[in-house]
Amino acid sequence: MPDGLFIFFAALTLGAAALLVMSRNAVTSAMGMILALVGVAVDFFLLDAYFLGVLQVLVYAGAVMVLFLFVIMLLSDTAESPSAYPWKKAAGGLALFFLLAAGVLWLFYWSGAVPQTLAGNTPPELSIDPATFTTSAKSFGRLLYTKYLLPLEISGFLLLVALVGVVSLSKDPTTKA
Amino acid sequence: MDSIQLLHWILFLPLGAAAFSALCLRRLGGFAAWFSTATAFTIATLALVLLIKTDDTISWHIELAKFGNVSLGFGYLIDANARLMLFVVSFVAAWIHLFSVGYMHEDSARGRFFAGLSIFMFSILGIVIADNLLMTFIFWELVGFSSYMLIAHYFDKDFAAAASKKAFITNRIGDLGFILGIALCLNLYGTLNFAELASVAPLKGAVPIAVGLLLMCGFLGKSAQFPLHVWLTDAMAGPTPVSALIHAATMVAAGVYFMARVSFLLAPEVLQWIAISGAGMAALAGLCALAQTDIKKSLAYSTLAHLGIMGCALGLGHPELAVLHMAMHAFFKATLFLGAGSVIHGCHHEQDMLKMGGLLKKMPLTAATFIAATLSNCALPFFAGWYSKDAIIEAAWHDEKFVVFSFLALAAFATCLYSGRMIRLVFLGTANSEDASHAHESPWTMTLPIAILGLGYSIAAGFGAHYLLPASALQIINEPLHEMAFHLTAPATIVGLVALSFGLLGSLKFYGLLPGRDSLQVFSPRTYHLLENRWMDNVYQWFIDNVVRRVSEFIAFLDLLLINGVAVRWIVGGFTAALGHLTGALFHRGQARGYALWITIGSLLLIWFLLAR
Amino acid sequence: MEHTTLAHHLTLAGLLFVAGLSGVLLRRNLLVVYMCLELMLTASTLALVAFSRFNQTMDGAILVFFVITVAAAEVAVGLALIVALFRRRGTVQSNELNTLCD
């Protein structure tokens, strides 16, 4: 049985995800999304990945979700339809969810895809050896600037491309530059 | 700079110039003209330096690819023939560039034109210095391409577009034989390198004959030999400097040069055919020149005749005489074309000789050089053409090839006839049209090249060769020159002098009878028509109409029925239509969610596959 | 903490992923669909971090770093696309966007 903190935040995350998927109001969905992301961040903390957890909150729950909210406000096309809540569809969706969830549980517990010796383990002791998993942001930096230097450069370039792409997409096509 | 580096510069400088002109100078015609001309003169200078500094055989080679035992490479081989050709090409081309500056002054596409001239220089120099058959072939095709591009300079005119296509396609027919010959040669001898091929003694039997015949096909196409000569007269649709450079002085001569270079591969049977057909064409083309009123077309027939003579020299087994005649011909024929260009330019783009006349006084410098070059063309003793042409005629007599000899004699006579006609119609008498009466001398950029090439080289290249040609280029021509000077009683000289006096004087008189009209046409219209008619074109037309078209219509029908109908429409089309119908109903609904569902199903299948392994 | 095994974390990640997938399949509002996609992405990063922690290597965590970077770029472009789409078609309901079928 896992500890209480994990259960609480896992339940919170799943509830928030359900809110995201099932709410008819896009703003409510976005709120659910934020909550789910924070829940995932907490799980990162529980896994001792503090740096990633902070990053998750900053980038996702902060920047990305603000963008989403802005666009939702901008488009003001939030309600899916004025009619009653589509219960039938929601029931279908839940059925689909449980079917897939059963698949996931089978995959992780009984299929043997994850070796039981690993899957049943509690996390190993943390070390300070930079070659293994550490909690410090320093080991991120070391790997990013040595082993993963090229991917880092490429992702920087990707960000630049995205920047240019967004600028050109946001231009009004009717007016000429 | 050593000689290999010099050769690198000579070869790649024009390529660079062409690229620069084509990419950067399309709108700056005037600058492109002078830039290209400066490049051409630089190349000529470099070539001169190379010729003066060295006189042994230069060879250099790098291997580019190796397949089994077959090595393909890029290399240079400079022997005596190549030396002379290098000098002639670069020198004549430089002056023709200068001439073009004046002649193309009002053209709107000068950037393209001069880029074309430069790429042509690159290609022809590549042929001259190539040391293996494959490299020759590549540059050979490049020459074909640049010729196509330059003939089609006025591509908005139908006749120019058609002429360029005709030249290109006719050359392709020859080149097909050429590349087959290369393949066969590779198969037979195992190498394409000239030096290695020369060291392998020419084999006996049917296959070596086939190699020679196939290689000859390339020569037939490029040098406009019978039966692929039909494109050369049409190629006059290009600008006059192009006609002078490509279709008189250098490109068509490349075929002769190439044949001389691979002469050791040619079996006696092949040589015999080249000799007979060359001599026959020389005589025939000379006569046909009488029935052309367009000054450039008349000159084109004259070129055909001289190419026939060169081919004949090759066939008689005297490649060095062929190359010598090619060099001399390059000088005087370039002069003739440039003179014609100057006349055309002076007469406001009138090309009909019957509408000219009396230009001797209005364009004295052009007239003097043109007449000098014509006399060289007629082989007046001690003029450039005399040394080479009469040497070939004498060689035919000496080798006791009397059929060839009589054809050549007829060709010499015909040459004098059309030369006299040309002088009489264009320069003597009175002006026969408004344009001719207002003719004016051309600017210095045009007259200077004519003067240098005409007065300098057409007259004196023979006896003054030691002063005018670089010493190392003279290795091959020294001997025939000296022989000629002491053989004045030889039959060839007699024939030449008789032809000259009767032909030239006779036609000068004959064509003076009726001003503004062609005397032959008036007195014997049937003869004129016989010569004017383009028999080979008619044969080709008949062949295409009756054979090629029938066959291709049948094949087209088969294609329509079997490939298009049964295979494509029924089998492939039916299957894909059925499949498309099925998938369209299942997958292609235009709903993003539908696609997402199929992606999900696909992923699940993939996971199942991975787990079930 | 002593009792939380790798399977627990993976289960959470898998359930989040499946929830996101159901949303992608069922929802019509492109914005919500897009958020669900992001949820799926996050769920996969959670699995990565868990594996990374339990295997005692840093590589999975580094990969998560890159995933977050790419996701940020992707969200910016995707939202710009949705806005451009809305400007042109006046809707972000996916069932009204079926030009691909015509």
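The values are calculated or read from the model by the stated rules, or taken from the named source; none is laboratory data. Remember, predicted model here, so these are calculated numbers, not experimental data. Glycine also receives a Cβ, built like all others from the backbone with ideal geometry; neighbour counts cover every protein chain displayed.
Restricted to region B:98-112, and to residues there that are of a type in the set (Ser, Thr, Tyr) and in contact with a Pro (Cβ under 7 Å, 6 or more places away or on another chain), the residue that is modelled with the lowest pLDDT is B:Tyr103.
When C:Ala50, C:Ala13, C:Ala7 are checked against the criterion of being away from chain B (no Cβ under 13 Å), closer than 28 Å to A:Ser136 by Cα and in contact with a His (Cβ under 7 Å, 6 or more places away or on another chain), C:Ala50 stands alone in meeting it.
Taking the condition farther than 30 Å from B:Ser59 by Cβ and free of Cβ contacts under 8 Å to residues at least 40 places away in the same chain, does B:Phe145 pass? Answer is no for this residue. When we screen B:Ser100, B:Ser71 for residues that are in contact with a strand residue (DSSP E or B) (Cβ under 9 Å, 6 or more places away or on another chain) and polar (S, T, N, Q), the only hit is B:Ser71.
The rows are residues; the columns are (1) modelled with pLDDT under 85; (2) closer than 21 Å to B:Ala249 by Cα; (3) among the hydrophobic types (A, V, I, L, M, F, W, C); (4) surrounded by fewer than 24 Cβ atoms within 10 Å (Cβ to Cβ).
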residue: B:Ser118; (1), (2), (3), (4): no, yes, no, no
residue: B:Ile124; (1), (2), (3), (4): no, yes, yes, no
residue: B:Ile173; (1), (2), (3), (4): no, no, yes, yes
residue: B:Gly190; (1), (2), (3), (4): yes, no, no, yes
residue: B:Ala198; (1), (2), (3), (4): yes, no, yes, yes
residue: B:Leu203; (1), (2), (3), (4): yes, no, yes, yes
residue: B:Ala206; (1), (2), (3), (4): yes, no, yes, yes
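Within region B:406-418, can one find any residue that is more than 21 Å from B:Ser302 (Cβ to Cβ) and out of contact with any Leu (no Cβ under 9 Å at 6 or more places or on another chain)? No: zero hits. Considered as a group, the residues in region A:40-52 that are touching a residue at least 12 places away in the same chain (Cβ under 8 Å), part of a helix (DSSP H, G or I) and within 9 Å of chain C (Cβ to nearest Cβ) include one that is surrounded by the fewest Cβ atoms within 10 Å (Cβ to Cβ), and that residue is A:Phe51. The numbered conditions (1) more than 21 Å from B:Leu314 (Cβ to Cβ); (2) in a helix (DSSP H, G or I) are all true for B:Thr191 except (2). Taken together, B:Glu400, B:Glu350 contain a single residue that is in a loop (DSSP other than H, G, I, E, B) and out of contact with any helix residue (DSSP H, G or I) (no Cβ under 9 Å at 6 or more places or on another chain), which is B:Glu400.
Might you check whether a residue that is more than 30 Å from B:Phe113 (Cβ to Cβ), surrounded by 15 or more Cβ atoms within 10 Å (Cβ to Cβ) and hydrophobic (A, V, I, L, M, F, W, C) occurs anywhere in region B:32-42? Looking through region B:32-42, none of the residues is more than 30 Å from B:Phe113 (Cβ to Cβ), surrounded by 15 or more Cβ atoms within 10 Å (Cβ to Cβ) and hydrophobic (A, V, I, L, M, F, W, C).
Tell me the residue from C:Val70, C:Val75 that is hydrophobic (A, V, I, L, M, F, W, C) and free of Cβ contacts under 8 Å to residues at least 12 places away in the same chain, please.
Criteria check complete, one pass: C:Val70.
For C:Gln93, the conditions (1) buried (at least 18 other Cβ atoms within 10 Å of the Cβ); (2) touching a residue at least 24 places away in the same chain (Cβ under 8 Å); (3) not aliphatic (A, V, I, L, M) are fulfilled apart from (1).
Per-residue answers, yes or no, for (1) out of contact with any strand residue (DSSP E or B) (no Cβ under 8 Å at 6 or more places or on another chain); (2) outside any helix (DSSP H, G or I); (3) buried (at least 24 other Cβ atoms within 10 Å of the Cβ):
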residue	(1), (2), (3)
B:Cys217	yes, no, no
B:Met236	no, no, yes
B:Val242	yes, no, yes
B:Leu245	yes, no, yes
B:Val252	yes, no, yes
B:Tyr257	yes, no, yes
B:Gln272	yes, no, no
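Only one entry in C:Asn55, C:Asn98 is at pLDDT below 90, more than 14 Å from chain B (Cβ to nearest Cβ) and surrounded by fewer than 18 Cβ atoms within 10 Å (Cβ to Cβ), namely C:Asn55.
Take the residues in region A:16-39 that are without any contact (Cβ under 8 Å) to a residue 24 or more places away in the chain and within 9 Å of chain C (Cβ to nearest Cβ); name whichever of them is nearest to A:Phe97 (Cα to Cα). So, considering only residues that are without any contact (Cβ under 8 Å) to a residue 24 or more places away in the chain and within 9 Å of chain C (Cβ to nearest Cβ), the one nearest to A:Phe97 (Cα to Cα) is A:Ala18. For region A:53-69, enumerate the residues that are more than 7 Å from chain C (Cβ to nearest Cβ), among the small types (Gly, Ala, Ser) and farther than 28 Å from A:Gly93 by Cα. Scanning region A:53-69 gives A:Gly53, A:Gly62. Taking the criterion of being among the hydrophobic types (A, V, I, L, M, F, W, C), farther than 30 Å from B:Thr335 by Cα and modelled with pLDDT of 80 or more, the residues of region B:68-97 that qualify are B:Leu72, B:Phe74.
Scanning region C:58-71 for residues that are part of a helix (DSSP H, G or I) and either among the hydrophobic types (A, V, I, L, M, F, W, C) or more than 7 Å from every other protein chain (Cβ to nearest Cβ) (or both) yields C:Asp59, C:Gly60, C:Ala61, C:Ile62, C:Leu63, C:Val64, C:Phe65, C:Phe66, C:Val67, C:Ile68, C:Val70, C:Ala71. Here C:Phe86 passes the criteria (1) within 14 Å of chain B (Cβ to nearest Cβ); (2) within 29 Å of A:Phe157 (Cα to Cα) except the one numbered (1).
Taking the numbered list (1) basic (Lys, Arg); (2) surrounded by fewer than 11 Cβ atoms within 10 Å (Cβ to Cβ); (3) closer than 24 Å to C:Leu21 by Cα in turn, B:Arg613 passes all entries but (3).
Of B:Asp352, B:Asp294, all but one fail to be surrounded by fewer than 24 Cβ atoms within 10 Å (Cβ to Cβ) and modelled with pLDDT of 80 or more; the exception is B:Asp294. Against the condition free of Cβ contacts under 8 Å to residues at least 40 places away in the same chain, assigned to a helix (DSSP H, G or I), buried (at least 22 other Cβ atoms within 10 Å of the Cβ) and facing chain A (nearest Cβ under 7 Å), how does C:Val32 come out, does it pass? In short, yes. Would you confirm whether or not region B:134-152 contains a residue that is part of a helix (DSSP H, G or I), more than 30 Å from B:Leu6 (Cα to Cα) and in contact with a helix residue (DSSP H, G or I) (Cβ under 7 Å, 6 or more places away or on another chain)? Yes: region B:134-152 contains one or more residues that are part of a helix (DSSP H, G or I), more than 30 Å from B:Leu6 (Cα to Cα) and in contact with a helix residue (DSSP H, G or I) (Cβ under 7 Å, 6 or more places away or on another chain). From the list B:Trp34, B:Trp60, the one residue that fits, being assigned to a strand (DSSP E or B) and over 19 Å from B:Phe87 (Cα atoms), is B:Trp60. All of (1) modelled with pLDDT under 80; (2) more than 28 Å from C:Phe65 (Cβ to Cβ); (3) more than 8 Å from chain C (Cβ to nearest Cβ) hold for A:Ala113 with one exception: (2). If you filter region B:356-374 down to residues that are in a helix (DSSP H, G or I) and buried (at least 24 other Cβ atoms within 10 Å of the Cβ), you find that the one that is modelled with the lowest pLDDT is B:Leu359.
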